[in-house]
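Read the structure below first, then the notes.
The values are calculated or read from the model by the stated rules, or taken from the named source; none is laboratory data. These numbers were taken from a predicted model, which means no experiment stands behind them. All Cβ positions, even for glycine, are placed from backbone atoms using ideal geometry, and neighbour counts span all protein chains on display.
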Amino acid sequence: MNLWIELLLVSLALTNLALTSLCRLETCIRVAAAQGILLGLVTVALHSPAISLHMLVLVLGIIVLKGLVFPWLLFRAMRQARVRREVEPFVSFTWSLLIGTLALPTAMWLSSRLPAAHPSHTPLLIPVALHAILAGLLLIVSRRKAITQVLGYLVMENGIYLFGIALVGEESVLVDLATLLDVFVGVFVMGIAIFHINRTFDHIDTDRLSALKDWPS
Amino acid sequence: MIGLLLAIGLLIISGIGAMIASARPRIATMIGVGGTMLGGLLGIIPAIQVLSGHAIAPIRLPWSVPYGGFYVHLDGLSAFFLIPMLGVPALAALYGSRYLSVSDGRRRLGTHWFYFNLLTACMALVLIARNGVLFLMAWEVMSLASFFLVTFDDEKEHVRQAGWTYLVAMHLGTAFLFVLFILLGKQSNSLDFDHLGSAVGMIPANAGLLFVLAIVGFGTKAGFLPMHVWLPEAHPAAPSHVSAVMSGVMIKTGIYGLLRTLTLLGPPAAWWGWLLIGIGLCSGVLGVLFALAQHDLKRLLAYHSVENIGIIALGLGVGVLGMSLPSTPLMVLGFAGGLLHVVNHALFKSLLFLGAGSVMHATGTGEIDHLGGLMKRMPWTAVTFLIGAIAISGLPPFNGFVSEFLIYVGGFEGVSASHISPMIAGLIVLGGLALIGGLAAACFTKAFGIIFLGEPRSAHPAQAHESPWAMRLPMLALASGCVLISLFAPLVFTWMEPVLVITTGLRPDQLNETLVGKVELLNYVVILGVVFMAVALILLLLRHRLLSRRQVTHTVTWDCGYARPSPRMQYTASSFVQPLTDLFAALIRTRHSLDTPSGLFPRHASLTTNTPDIWREHFYQTAFKAIVWFLARFRWLQHGHVQLYVLYIAITLLVLLVFKVG
C-alpha cells in the first residue's frame, strides 16, 4: 500500500515542478486539474481499505471540484481574457524550475524538524505538502498573468490540504471544508476580477495594476 | 437576566429586520424604532429590579474564544447605568423616526436603524459583560456602529473627516484598553472580571500604571481633556438623535469602564484622586470656555459634554480621594454626585441635542448667528430647551443642580476636614465648580437668548415651524425627567445605595449612616425647589389673570424707540460673550479677522471670529504629521506589485518557520 501512496505523492511533486516550468496556460490548467485528481486519490490511498462513506463523498467532491469545475472556470476565464501563454515572467522558467527543485530538499529538511503527528504515515507526505505550498507561493510571486496566480493559490491550497490530512487525520474534514470554500471563493473572485481587469485595462497583467496604489510616487 | 438578554437579542434582531426591509424606508423605520423602544422597555425592567434590591444570578456560557467566556452579570453599578443607556436611545429613536423622514428614499434608512439598534445593544452588553474578551468585543462593535451612525451624511466632506477623527480616536483609546486587560489578566491567567481583581493589588506601582491606562483608554470615550478632540467633530456631523445618544449616554460607558476598573484595582492611592480632580477641572473649565466661543449650536453642545464629563470626573476624584484617606462622607458624596450627574447629564444633554435637532430641522441651519426669535414660532421646543439649559447650567430647581449640589457638599466636607489634602481638594472643587457653573450659565444665556429670543436674523428662522409630535414627545419626556429627578432627589439618592456599595466598597450599614444625614440636606433642596416652582407658577397665573380682560398686542422685540429697527441691531453670539472670551483669551486663542471700516462713508466692514480646538491644532496635528513623515520613509515598500507583496508574506513565513524549527 505504501508503494501506491508514495507513487502518488511523487507524481504530485512532479506536477508541482511541471507547473513551475510550463508556459502554455492551457497545459498549466490541465496539470493543476491532474494534481487535484491525484490529491483525491492520495486521500483514498491513505484511508483504504477501511474508507468511510463520509470520506468517499469528500474525495468525490475534491475530484469534481478541483479536477473538473475549477479547470472549466479557468478555461472560460482564459477564453474571455484571450490569453494563451504566460509571457516574460518575473523569474524565467528555467530559474523557476531550479528554485522549485531546490524547494524540495528545503521542504524535506523542514519536515524533518517538524514534530510529526502521525508517524505511521509515509515520510513523504509532509515534504510534498510543504513543497506544494512553496511552489504555489513561487507561482504567485513570479508570474504576471492573473490566471497563473489563481493557479498558484490552488496549488498552495492543495499543499495546505495535504498538510491538514497529515496533521489531523480523520478530523481534517473540517480543515478541508474550510479550504474548499476558500478556494471556491478565491476562484470565483479571481474569475470576476480577471474578467473586470481585462475589460477595464485590456490585459490581465497584474504588475501593471501598480497604477492603482494609493500613494503616487 | 434572561429578560435583559432577550431585550438585547430583540434589539439586534429588529436591527437586522430593519436592514432587510431597507428597500421600504417606512417599514424599516417602523421595525427599527419599534425594536429600540420595546427592547429598551424590556431591558429596563431587570435594571429596576436590581436597584430595588433583588439580586439577579449571573449567566456563564462556555465560548470557544481563547480566554473568552460569555459571562454576564447585572449588579447595581451596571443597572444604574443601564437605565439611561436603554431609555435615552428609545426616546431618541422615536424622535429620529420623524427627524430622518425628510431624507426618505434618498438614503437607506434601514442600515441606519440597524447600526442604531446595534449601538444600543452593545452599550447594554458593555455594561453587563464580566469577561475581558466579551467586554472588548462589545466595546469595539459599539465604536464601529457609532462610526457608521456619525457618517450618515457621508456625501459631505466634513462629515467624512469627522468620522475618521472619531474612528482614529476610538481605536487609539481601545489600544490602551487592550493593554490594560492583558496586564490585568496576566497574573491570574483568566479574563473573567472575578479573577482580575485579586491579582493586581500587590504592587502599588502596577495598580497605578493600570489606572493611568484606564484613564487614557476610557477617557478617550468619555471625552476627558486632552482626549476630547473627537467630540466637537463627531457630534455636529451626526444626525441629532444620534448626537443625543452618543453625547448623552454612549460617552458614559467610559465613566462606567473607569468605575469598574476602580473596583478591580483595589484600594486607590491618593494621587489617583488628584489626577481625576485635575482632569475634571481642566475638562470642565476649558470645555465650557470653548463652548462659549462656538458659533455652531451642536459644536457648542459637544463642548458642554466635555465640561460635564469634567464635573463627573471632579465628583469621582473627590470620591477616590475619600477612599484613599479614608473618609466616608467624601467618598459617598463624591461618588453619589458624580454618578447622579451621569444620569442627569444623560437627560438634559440628550434633551438639548434633540432641541438643537428640532431647530435645525425647522430652520435648516445650526449657525447660532443666523437664528433668532424662535420662541414665538416653536414654543414647545423653546420651553423644553430652556429647561435643559437651566439644568445643564447647574441652576435650581432642576436636576443638574442636585448632582452638582452633592459634589459641592463633598467639597465643603473636604474644606472642613482636619487634613490639609482634602482641604485643598475641597477648595479646588468648590472654586472650579463655581467657575464652571457660572460660565455655563453665561453660555446658555447666549445660546437660548440668541436662538429663541429677539427677532430672526436671517430668512432661515423666519419660516420655522414647530416640530411634529413624534419629535416633541421625547423632548417633553426628557424635560419631565429633569424635573422629576430634582423633585424626588432624596428618593433617588437612597436608590443609589446598591451602586455606592459597589463603588465605595463600604458595607450597607456604614453607608446608611452617612446617607441619612445627606438625605436631610436634599429635602431642603427639594422644598426650596418646590417653593420656587410654585412662585413661578403663581406669577404666571397672575399674569394670565391680569391680562385676561385686556387687549394684548404683540410687537417686534428690540423696538425701543428706533425709527427703523432691524434684526442686525441685535446682539450676536460673539458680541454677547466677548467680555468673557476676552478675559480668557489666553486660554482659548480665538482668532479674529477684522476688516475695519475706513473713510467717511465706509462701504464695507466685517469681523469674523473663529475658535479652533487648540489641542487638535497644536498637539494632535503636529504629532500625526510627524508620524506621517516617518512612515512616508517606508513608502518605497508600497509599489503596487501584488507579486512582491506576496513575496514579503512568503519570506516572512518561511523565515519564521525556519527560525522556529531550525
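Below is a table of values for the structure above.
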item: Lone unmet requirement of (1) in contact with a Leu (Cβ under 9 Å, 6 or more places away or on another chain); (2) not in a loop (DSSP other than H, G, I, E, B) for A:V91; result: (2)
item: Pairs with Cβ under 7 Å, 6+ apart, first in segment B:619-633 and within 24 Å of B:P226 (Cα to Cα), second modelled with pLDDT of 90 or more; result: B:Y620/B:V229
item: Condition check for B:S78: polar (S, T, N, Q) and either within 17 Å of the chain's Cα centre (by Cα) or over 25 Å from B:P468 (Cα atoms) (or both); result: yes
item: Yes/no for A:Q80 being more than 14 Å from every other protein chain (Cβ to nearest Cβ), polar (S, T, N, Q) and surrounded by 18 or more Cβ atoms within 10 Å (Cβ to Cβ); result: no
item: Some residue of segment B:389-407 being surrounded by fewer than 21 Cβ atoms within 10 Å (Cβ to Cβ), at pLDDT below 95 and charged (D, E, K, R); result: no
item: Test result for B:L386, surrounded by fewer than 24 Cβ atoms within 10 Å (Cβ to Cβ) and either in contact with a Leu (Cβ under 9 Å, 6 or more places away or on another chain) or more than 21 Å from B:P89 (Cβ to Cβ) (or both); result: yes
item: Residue in segment B:324-332 that is in the same structural domain as B:R472 (by TED's automatic domain parsing) and under 13 Å from B:L297 (Cα atoms) present; result: no
item: Count - residues of segment B:653-662 that are surrounded by 15 or more Cβ atoms within 10 Å (Cβ to Cβ) and more than 9 Å from chain A (Cβ to nearest Cβ); result: 0
item: Residues of segment B:331-360 satisfying the condition of being farther than 16 Å from B:M496 by Cβ, crowded, with 24+ Cβ neighbours inside 10 Å and over 18 Å from the mean Cα position of the chain (by Cα); result: B:S358, B:V359
item: Whichever residue in segment B:195-238 is more than 28 Å from B:L289 (Cα to Cα) and of a type outside the set (A, V, I, L, M, F, W, C) and, among such residues, is modelled with the highest pLDDT; result: B:G208
item: Helices (runs of 4 or more DSSP H) within segment B:468-587 that include 1 or more residues farther than 30 Å from B:S240 by Cα; result: B:489-495, B:497-504, B:508-548, B:573-583
item: B:R564 touching a residue at least 40 places away in the same chain (Cβ under 8 Å) and either within 12 Å of chain A (Cβ to nearest Cβ) or surrounded by fewer than 11 Cβ atoms within 10 Å (Cβ to Cβ) (or both); result: no
item: Selection status of A:L12, assigned to a helix (DSSP H, G or I) and surrounded by 21 or more Cβ atoms within 10 Å (Cβ to Cβ); result: yes
item: Single residue of segment A:150-162 satisfying the filter (more than 13 Å from chain B (Cβ to nearest Cβ) and out of contact with any Leu (no Cβ under 8 Å at 6 or more places or on another chain)) that is surrounded by the most Cβ atoms within 10 Å (Cβ to Cβ); result: A:L154
item: Near pairs, Cβ below 7 angstrom, 6+ apart or cross-chain, from segment B:1-15 (assigned by TED's automatic domain parsing to the domain that holds B:L82 and more than 13 Å from B:L86 (Cβ to Cβ)) to any residue that is β-branched (V, I, T) and part of a helix (DSSP H, G or I); result: B:S14/B:I31
item: Residue match in segment A:23-33 (condition: in a loop (DSSP other than H, G, I, E, B) and either surrounded by fewer than 18 Cβ atoms within 10 Å (Cβ to Cβ) or of a type in the set (A, V, I, L, M, F, W, C) (or both)); result: yes
item: Search result, residues across segment B:609-647 that are more than 30 Å from A:L114 (Cβ to Cβ), surrounded by 15 or more Cβ atoms within 10 Å (Cβ to Cβ) and within 12 Å of chain A (Cβ to nearest Cβ); result: B:G640, B:H641
item: Single residue of B:L149, B:L125, B:L134 found to be in a helix (DSSP H, G or I), over 22 Å from B:A356 (Cβ atoms) and either assigned by TED's automatic domain parsing to the domain that holds B:V499 or out of contact with any strand residue (DSSP E or B) (no Cβ under 7 Å at 6 or more places or on another chain) (or both); result: B:L125
item: Qualifying residue in segment B:53-74 (condition: in a helix (DSSP H, G or I), assigned by TED's automatic domain parsing to the domain that holds B:V242 and under 24 Å from B:G248 (Cα atoms)); result: no
item: Selected residue [modelled with pLDDT under 95 and surrounded by fewer than 22 Cβ atoms within 10 Å (Cβ to Cβ)] from B:G110, B:G53, B:G132; result: B:G53
item: Of all residues making up segment B:367-380, the number that are over 12 Å from B:I450 (Cα atoms) and surrounded by fewer than 22 Cβ atoms within 10 Å (Cβ to Cβ); result: 4
item: Number of positions in segment B:281-303 that are within 14 Å of the chain's Cα centre (by Cα) and of a type in the set (D, E, K, R); result: 2
item: Failed item, numbered, when A:N16 is tested on (1) modelled with pLDDT of 85 or more; (2) over 24 Å from A:T122 (Cβ atoms); (3) of a type in the set (S, T, N, Q); result: (2)
item: Residue among B:V245, B:V229 that is outside any helix (DSSP H, G or I) and of a type outside the set (F, W, Y); result: B:V229
item: Test set (1) at pLDDT 85 or above; (2) within 14 Å of chain B (Cβ to nearest Cβ) - A:S111 fails condition number; result: (1)
item: Cross-chain or 6+ apart pairs with Cβ under 7 Å, segment B:589-618 first and within 18 Å of B:R568 (Cα to Cα) and not assigned by TED's automatic domain parsing to the domain that holds B:P232, then assigned to a loop (DSSP other than H, G, I, E, B) and of a type in the set (V, I, T); result: B:A605/B:T596; B:T609/B:T590
item: Candidates B:A586, B:A650, B:A573 - the one that is among the small types (G, A, S), within 14 Å of chain A (Cβ to nearest Cβ) and out of contact with any Phe, Trp or Tyr (no Cβ under 7 Å at 6 or more places or on another chain); result: B:A650
item: Residue match in segment B:256-275 (condition: within 13 Å of the chain's Cα centre (by Cα) and buried (at least 23 other Cβ atoms within 10 Å of the Cβ)); result: yes
item: Any pair with Cβ under 6 angstrom, 6 or more apart, that starts in segment A:138-149 at a residue that is within 8 Å of another protein chain (Cβ to nearest Cβ) and over 18 Å from A:W72 (Cα atoms) and ends at one that is of a type outside the set (A, V, I, L, M) and assigned to a loop (DSSP other than H, G, I, E, B); result: A:S142/A:P89; A:S142/A:F90; A:R143/A:E86; A:R143/A:P89
